[in-house]
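Q: Just passing along the structure, written as structure tokens.
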Amino acid sequence: MDAVKASRAAHHHIEEIYTPFPVHGLDKAMGLAPTRIAIASFLYGVVGLTVAANLLNYMMIVDWPQDIGGKPSFAFYQNMPAFVPILFELTVFFAAHLMVITFYLRSKLWPFKQAENPDVRTTDDHFLMEVAVSGNEEDMVSFFKNTGAVEVKVIDKH
């Protein structure tokens, strides 16, 4: 965290940080914008609720109305208590599945994608900060050594 804060203070552009476990507060230290995932989840839930209401209205009121236990299906609002569990389940179903799809698309994860981890040690016990080189390369290397870096590599990223 100290190296990230020092890098941001020195106006170095941090591309990515790889850690073996979640580090709380790292996104704030990197200066990342807050996520809008809650808004997306709410909108997906609204889509699910709309689809469920239209589906139930069509199936139970319009297409195949049935007289179940002496209770005819004349209107949606009359049958609303019976529809609540289905409305709830389809709302959650749509929100959950569309959130997973959004996560994979936003993270650029898809089947058969090659891993982009530049150093396999970050999955075990090492931390890695990927920084774009700007200015004098040797000054940057000495800056990162002073922040406590154990190893500094300069590579061309394709």
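The values are calculated or read from the model by the stated rules, or taken from the named source; none is laboratory data. Here the structure is a predicted model, which is why all the values come from computation and not from measurement. Ideal geometry is used to build each Cβ from the backbone, glycine not excepted, and the neighbour counts take in all protein chains shown. The area values use the complete protein model at the heavy-atom level, side chains included, leaving out ligands, DNA and RNA. Shrake-Rupley method; radii C 1.70, N 1.55, O 1.52, S 1.80 Å.
Q: Going by accessible area, probe 1.4 Å, with all protein chains left in place, what is the ranking of HIS24, HIS12, largest first? Walk me through the intermediate numbers first.
A: Values: HIS24 170, HIS12 30 Å².
Order by accessible area, largest first: HIS24, HIS12.
Q: So, one more: Return the label of the correct value of semi-axes √(5λ) of the Cα gyration tensor in Å, as calculated from the structure shown, out of [x] 25, 18, 16; [y] 36, 19, 14; [z] 55, 15, 12.
A: The value matching this structure is [z].
Q: I would also like to ask the following. Below 8 Å, C-alpha to C-alpha, sequence gap of six or more: please give me the relative contact order for the range 36-107 in percent.
A: Values: 50 pairs, mean separation 34.7, N = 72.
Relative contact order for the range 36-107 comes out at 48 percent.
Q: Give me the percent of accessible area attributable to carbon and sulfur for the range 36-107, probe 1.4 angstrom.
A: Values: 3940 of 5360 Å².
Reported share for carbon and sulfur atoms: 74 percent.
Q: Among the helices of the chain (complete DSSP H runs), which have Cα atoms covering no less than 15 Å along the helix axis and a Kyte-Doolittle mean of at least -1.0?
A: Numbers: long enough: 37-56 (28 Å, 1.98); 80-106 (38 Å, 1.59).
For the chain, where a helix must reach 15 Å along its axis and average at least -1.0, the hits are 37-56, 80-106.
Q: Net charge near LEU55: determine it from the other residues with C-beta under 15 Å of the C-beta of LEU55, scoring Lys and Arg +1 and Asp and Glu -1. Don't skip to the end; give the middle numbers.
A: On the way: positive: none; negative: ASP63, GLU89.
Overall, the nearby charge balance is -2.
Q: To make sure I understand the rule: partners must be lysines, Cα under 19 Å from the Cα of LYS145, and not fewer than 8 residues away in the same chain. Which ones qualify?
A: Those lysines meeting the cut-off are LYS5, LYS153.
Q: Which of the aspartates and glutamates could be linked to LYS108 by a straight reach, that is with a Cα gap under 16 Å, when you skip same-chain ones fewer than 8 residues away?
A: GLU15, GLU16, GLU116
Q: Quick one: which of 73-79, 107-113 comes out on top by average Cβ neighbours within 10 Å, and what's the full order, highest first?
A: 73-79, 107-113
Q: So, for the chain, what is the accessible surface per residue at a probe of 1.4 Å, expressed in square angstrom?
A: On the way: 12300 Å² over 158 residues.
Here the residues of the chain average 78 Å² of exposed surface.
Q: Each label point is 7 Å from the Cα along the Cα-to-Cβ direction; what then is the distance between the points at LYS5 and VAL47, in nm?
A: Calculated label separation equals 4.1 nm.
Q: Right, another one. Which FRET efficiency, nearest 0.05, do ASP67 and GLU89 yield, Cβ-Cβ r, R0 30 Å?
A: On the way: r = 25 Å, r/R0 = 0.83.
After rounding, the FRET efficiency stands at 0.75.
Q: With r defined as the distance between the Cβ atoms of MET59 and ILE101 and R0 fixed at 30 Å, what FRET efficiency is calculated, to the nearest 0.05? Walk me through the intermediate numbers first.
A: Details: r = 26 Å, r/R0 = 0.85.
Efficiency, from the Cβ-Cβ distance: 0.75.
Q: While we're on this one: Hey, for a label at ASP27 modelled as a point 7 Å past Cα toward Cβ, could you say which residues of the range 99-137 have their backbone N under 18 Å away?
A: 99-109
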